[in-house]
Amino acid sequence: MRRSIKFRLIFLVSAIISYTLGFQLLPENLDGTNSHLYVLVFSILYFLVLPITYWYCIIKMGEQKLWKMLLIFSMSSLMTRLSFPAEIASYFEFIAWLRYPIIAILLAIELYLMVSIIKALWLARNLSGDPRVHILDSFQEEDDKKRSLALVLASEPASWYYAIPRLSRNHVDAITKLKLRSAARWHWLVMTLGALVMAALAYVIISPWSELLAIIVSSITGYGVIMLAANYRISRYFSIYGHQDKLVINNSVWGFISIKLEDIESVEVGRYPRKNDKEGLHFGYGDSSNIKLRFSKPQTYFGGLGQLTERVDIIDMHVSEPQVLADYIQEYSENIFVKDALVSQNQDREPASDNCDFPVQANSGMNQ
């Protein structure tokens, strides 16, 4: 498990334990014994310890943007309103009035972002291929917040696009396939049945308290079968493919990376045990990979449906046909070299020395 994922799990477990203890131990009012001490301890935990943990585990180790600290402060404020004694919680109810002007400002900003993003989605409606990739092409140079919102909006049409075979019938063919468990039919069937069972359980458990809430929760849970279908079809048919001048790698529906082919410095075909590189970005299941891509400049991997980003210099993968992928990248390199040479010849000057011509290496014993 990579270090960034470990730290995310550390924060998640810390937050769950902290908020659960708050609901269990905090008194309903300040009249009880040691109630003030409990309030002080959990105030420090909510607004000091957890934010510091979030900063270290998510912002620093996960290389996320600093503005995302607002998320943990907002969550702690909500938990304070719900779990603290009434005398303290009332102050947060008073402060809550401030949310209206803040919401108005944020809505204005978000409305502007959504208009521009929806416009880009509308322009991309007739394009073939993953809507997320088209949106990423449109917002590649934009700020992180705008790009994150764009990917959230694009994830929904992307799920339907891949889940329904007719919609993705004109999708470009895969170069090769990642070895993913989610590409197996049994995996899709088990996950789908699990989602439906969870939806039914959610309705049964919540309906005694609120019929409306039970319907909402169970509907959202059941709606997940669309994403599970998309996850299966992406993993089975569209895990690695070429898009214009880019190589797109889908690590199931939950994460993807779009790499400019000219930014691939080298391709190595061989056997690479993953225990030797626990911090690397690995695609495909197994203890080893059979192809490694090295980049001339860092690339961005979009995990968590595009919300968790990582900058990487190298990725290794376990694919079904590593040499086919290596040949595809090498062929693109050679075509670019020839094209640049022809342009240079027409301009009566020597070819540039920095054209992308990267080596394909293979360990001994590999079939070339």
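The values are calculated or read from the model by the stated rules, or taken from the named source; none is laboratory data. Source: prediction; values computed, not measured. Cβ atoms come from the backbone with ideal geometry, glycine included; neighbour counts cover every protein chain shown. Heads up: the accessible areas ignore ligands, DNA and RNA and are worked out on the full protein's heavy atoms, side chains in. Shrake-Rupley method; radii C 1.70, N 1.55, O 1.52, S 1.80 Å.
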>> Using amide H atoms built in the peptide plane, which far-off residues or other-chain residues are under 5 Å from VAL172 H to H?
In response: none
>> Along its three principal axes, how long is segment 183-296 when you only count alpha carbons? Whole Å, largest extent first please.
In response: 60, 33, 25
> For segment 182-313, what is the accessible area per residue in Å² when the probe is 1.4 Å?
Replying inline: 48
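What fraction of the Cα pairs in segment 257-300, stated in percent, has a spacing above 18 angstrom?
Values: 297 of 946 pairs.
Result for the distance tail: 31 percent.
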> Whole-Hz Karplus ³J(HN,Hα) for segment 297-303, in order, using 6.51 cos²θ - 1.76 cosθ + 1.60 and θ = phi - 60°, x for Gly and Pro?
Replying inline: 8, x, 10, 9, 9, 9, x
> Roughly how many whole Å is it from the C-alpha centroid of segment 150-164 to that of segment 37-55?
Replying inline: 37
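Test of the criteria: in segment 250-323, which GluC sites (Glu not before Pro) are in a DSSP loop and have at most 13 other Cβ atoms within 10 angstrom of their Cβ? Numbers along the way, then the final one.
Working: sites: GLU262, GLU265, GLU268, GLU279, GLU310; in loops: GLU279.
Passing sites in segment 250-323 are GLU279.
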>> Using the basic label-point model (7 angstrom from Cα toward the beta carbon), what is the TYR56 to THR20 distance in nanometres?
In response: 2.2
> In whole Å, what three semi-axes, largest first, describe the equivalent ellipsoid of segment 20-62 built from its Cα gyration tensor (square root of 5 times each eigenvalue)?
Replying inline: 28, 9, 5
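Given a 1.4 Å probe and heavy atoms of the protein chains only, how would you sort ILE5, ILE17, largest accessible area at the top? Kindly include the intermediate steps, with their values, before the conclusion.
On the way: ILE5 55, ILE17 90 Å².
Most to least solvent-accessible, the answer reads ILE17, ILE5.
Take the Cα pairs of segment 172-228, get the Kirkwood Rh, then feed it into Stokes-Einstein at 20 °C and 1.002 mPa s and tell me D in µm²/s. If you can, show how the numbers build up before the last one.
Numbers: Rh = 12.9 Å.
D, rounded to a whole number, is 166 µm²/s.
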> Using modelled backbone amide H atoms (1.01 Å from N, in-plane), which distant-in-sequence or interchain residues come within less than 5 Å of LEU26's amide H?
Replying inline: none
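Full-extension gain between LEU40 and SER74, please, as 0.36 nm times their residue separation minus the C-alpha to C-alpha distance.
On the way: separation 34, 0.36 × 34 = 12.24 nm, distance 1.87 nm.
Length difference between fully extended and current span is 10.4 nm.
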>> Based on C-alpha coordinates, I'd like the Rg and Dmax of segment 124-269, in Å.
In response: 17.7, 60
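Restricting everything to alpha-carbon atoms, can you work out Rg to Rh for segment 229-343 with a Kirkwood hydrodynamic radius?
Values: Rg = 14.4 Å, Rh = 14.8 Å.
That ratio equals 0.97.
Calculated FRET efficiency, PHE295 and LEU167, Cβ-Cβ r, R0 35 Å, to nearest 0.05? List each step's numbers first, then the result.
Values: r = 32 Å, r/R0 = 0.91.
Result of the calculation: an efficiency of 0.65.
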> Can you list the residues, at least 5 places off or on another chain, whose amide H is less than 5 Å from the amide H of SER288, using H built in the peptide plane?
Replying inline: ARG274
> What are the ³J(HN,Hα) values, in whole Hz, obtained from phi via the Karplus relation 6.51 cos²θ - 1.76 cosθ + 1.60 with θ = phi - 60°, for each residue of segment 4-14 in sequence order, with x given for Gly and Pro?
Replying inline: 4, 5, 4, 6, 5, 5, 4, 5, 4, 5, 4
